[in-house]
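Take a look at the structure below.
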Amino acid sequence: MLHPAFNHYANPYAAGRCQSGKLFPNDAYALSEQGLPLGMVDHVLWTRQSILTNVDRPDKERLRKQSCYEEKESCRWLEMLQSSEQIARANPGTHYINVADSESDIHEMFLEIDHQVDNHDFILRGCQNRALVDSDGHPRSIDEALANCEICCQSEASISERVSMIAGETRPRRKSRSARVAQISLRATPVNVRGPYRVGGNLPDVQLNVVEAIELDPPEGEDAIRWVLLTSLPIDEISQVQRVIELYGLRWQIELFFKTLKSGLGIEKLKYQSLDRYLTAFSMLLVVAWRVEQIKMAARIDGDASCEDYFEASEWKPTYLVAKKTRTVPQSPPTMAEFMLVLAQLGGYLNKTGQGPPGSTVIWRGLRRLQAYREAYIAFGTG
């Protein structure tokens with residue numbers, strides 16, 4: 001049985017430089033519904049050809065509104081959504097759900113609902129209080145429509161820690177927050193979003209489902225978490241509403257993936273004489289970062305599985321022998337939880353009481369040692 005895969009269009013970040021400026025990657029990262037990273041299914045690198053530095057803010061806004069959607073940087077969100085739709089068409093036995101953050105709150109994205117195949121859906125976080133189609137006595141905006149809904153249930157959501165990069169930051173999505181398991185209230189409703197104006201006329205209206213999650217009791221001094229999620233998934237039952245929230249929670253995995261790329265593998269510090277060499281190294285490190293995240297999550301959600309489900313015998317056997325200081329290989333392979341503890345300790349993990357599970361950095365260090373042990377094992381055997 002195939003697990004549903006979730007493709008996420010990640011925020012671009014500075015990963016290097018070329019003659020035309022910084023390189024920005026846009027990636028579709030696949031995970032199972034349990035949160036196990038499955039791989040990178042699409043990857044696009046692009047650069048800004050020019051940056052307007054002598055234009056004030058009102059003029060930039062005017063130029064933006066006069067530009068065709070295909071000329072804007074945000075069109076890459078739609079390109080990645082369409083890419084995941086094509087993958088779904090090629091694999092009708094797997095259900096794909098595209099999960100994206102608030103930068104994907106773009107009406108052109110919503111219109112894809114009319115062209116989706118049955119095994120493809122999306123969950124997009126809203127950042128605008130969008131206007132709805134006017135009708136007598138009906139709400140005129142998404143927030144008003146949600147305010148008229150009753151709370152359907154309460155649930156929990158894992159909130160990750162965020163450290164603001166700017167002192168005194170006031171923007172809700174940039175402010176520091178503590179890690180916690182938040183108690184949230186949920187409500188949901190179908191809406192008919194009014195098409196905004198674009199060059200040449202208004203875009204068509206579109207029917208969507210919207211789910212709102214609000215934190216009930218935030219820590220003192222912190223704002224309550226509020227998610228407004230626009231989705232093509234059904235919301236007729238409470239379990240369906242809860243599933244939308246659970247699936248959106250998986251989006252944090254792409255942030256951990258990029259953290260591994262930048263902090264663990266130092267991808268922003270790469271220096272090559274030519275762009276081709278940089279792109280080659282970049283592509284290889286994407287695979288390495290995915291591998292680190294895959295085995296890290298496998299130990300947490302599939303810890304009872306045999307480590308041979310994720311490692312070759314030539315990888316786990318010499319690593320086990322070195323770590324345990326023995327010449328005897330166990331008759332049956334260790335579990336993933338057991339072997340990942342061995343691997344992480346080779347990378348510097350202390351395994352103290354109260355310490356969290358092994359993270360990406362110690363796993364990456366352990367993998368580097370594993371590779372050396374594997375090469376020696378293949379060359380010399382166990383004798």
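The values are calculated or read from the model by the stated rules, or taken from the named source; none is laboratory data. Bear in mind the structure is a predicted one, so any value in this text is a computation, not a measurement. Every residue, glycine as well, gets a Cβ built from its backbone with ideal geometry; the counts of neighbours run over all protein chains shown. All accessible areas refer to the heavy atoms of the entire protein, side chains included, with ligands and DNA or RNA removed. Shrake-Rupley method; radii C 1.70, N 1.55, O 1.52, S 1.80 Å.
Quick one: how many residues across region 318-338 are over 33 Å from the mean Cα position of the chain (by Cα) and outside any loop (DSSP other than H, G, I, E, B)?
5
Out of the residues in region 16-48 that are surrounded by 16 or more Cβ atoms within 10 Å (Cβ to Cβ), modelled with pLDDT under 85 and touching a helix residue (DSSP H, G or I) at 6+ places or on another chain (Cβ under 6 Å), which is farthest from Lys269 (Cα to Cα)?
Across region 16-48, the extreme among qualifying residues is Asn26.
Quick check on my filter: what residues within region 324-336 are in contact (Cβ under 8 Å) with a residue 24 or more places away in the chain and open to solvent by 50 Å² or more (accessible area, probe 1.4 Å)?
Here is the first cut: in region 324-336, the ones in contact (Cβ under 8 Å) with a residue 24 or more places away in the chain are 327, 329, 332-336.
Result: Arg327, Ser332.
Which pairs turn up if I take residues in region 51-74 that are closer than 16 Å to Val199 by Cβ and look for partners that are open to solvent by 100 Å² or more (accessible area, probe 1.4 Å) and modelled with pLDDT under 75 with beta carbon separation below 9 Å, at least 6 apart in sequence or on another chain?
Listed by first residue and then by second, the contacts come to Lys72/Arg64.
If I ask for residues that are surrounded by fewer than 17 Cβ atoms within 10 Å (Cβ to Cβ) and in a helix (DSSP H, G or I), which ones from region 339-348 would you list?
Gln345 - this is the single residue of region 339-348 that is surrounded by fewer than 17 Cβ atoms within 10 Å (Cβ to Cβ) and in a helix (DSSP H, G or I).
Just to be sure, is Arg171 modelled with pLDDT under 95, over 30 Å from Cys68 (Cβ atoms) and among the charged types (D, E, K, R)?
Taking the combined requirement at face value, the residue does not satisfy it.
When you scan region 43-94, how many residues do you find that are in a loop (DSSP other than H, G, I, E, B) and not charged (D, E, K, R)?
Total meeting the criteria: 14.
Among the residues of region 108-138, how many are touching a strand residue (DSSP E or B) at 6+ places or on another chain (Cβ under 6 Å), closer than 19 Å to Ile235 by Cα and assigned to a loop (DSSP other than H, G, I, E, B)?
Here the count works out to 1.
Only one residue in Asp309, Asp304, Asp217 is in contact with a strand residue (DSSP E or B) (Cβ under 8 Å, 6 or more places away or on another chain), within 30 Å of Tyr373 (Cβ to Cβ), acidic (Asp, Glu) and surrounded by fewer than 18 Cβ atoms within 10 Å (Cβ to Cβ). Which one?
Unique residue meeting the criteria: Asp304.
Residues of region 95-107 being part of a helix (DSSP H, G or I) and open to solvent by 20 Å² or more (accessible area, probe 1.4 Å), which ones?
Glu103
I'm trying to understand the selection: among the residues of region 312-321, which are under 19 Å from Pro358 (Cα atoms) and either hydrophobic (A, V, I, L, M, F, W, C) or in contact with a strand residue (DSSP E or B) (Cβ under 8 Å, 6 or more places away or on another chain) (or both)?
Once the filter is applied, which keeps residues that are under 19 Å from Pro358 (Cα atoms) and either hydrophobic (A, V, I, L, M, F, W, C) or in contact with a strand residue (DSSP E or B) (Cβ under 8 Å, 6 or more places away or on another chain) (or both), region 312-321 yields only Trp316.
List pairs: first in region 39-50 and within 17 Å of Glu85 (Cβ to Cβ) and among the β-branched types (Val, Ile, Thr), second surrounded by 14 or more Cβ atoms within 10 Å (Cβ to Cβ) and at pLDDT below 75, Cβ under 6 Å, 6+ apart or cross-chain?
none
Could you pull out the residue among Arg140, Arg89 that is surrounded by fewer than 17 Cβ atoms within 10 Å (Cβ to Cβ) and more than 25 Å from Thr189 (Cα to Cα)?
After applying the criteria, what remains is Arg89.
Tell me which residues, restricted to region 193-209, are open to solvent by 50 Å² or more (accessible area, probe 1.4 Å) and either basic (Lys, Arg) or within 28 Å of the chain's Cα centre (by Cα) (or both).
Arg194, Arg198, Gln207, listed by residue number.
Residues that are of a type in the set (D, E, K, R), farther than 17 Å from Thr260 by Cα and out of contact with any strand residue (DSSP E or B) (no Cβ under 8 Å at 6 or more places or on another chain): does region 339-355 have at least one?
Yes, region 339-355 contains a residue that is of a type in the set (D, E, K, R), farther than 17 Å from Thr260 by Cα and out of contact with any strand residue (DSSP E or B) (no Cβ under 8 Å at 6 or more places or on another chain).
Sort through Leu270, Leu321, Leu279, Leu285 and tell me the only one that's open to solvent by less than 50 Å² (accessible area, probe 1.4 Å) and more than 25 Å from Ile378 (Cβ to Cβ).
Leu270
If only one of Ala182, Ala213, Ala188 is in a strand (DSSP E or B) and over 25 Å from His95 (Cα atoms), which one is it?
Ala182
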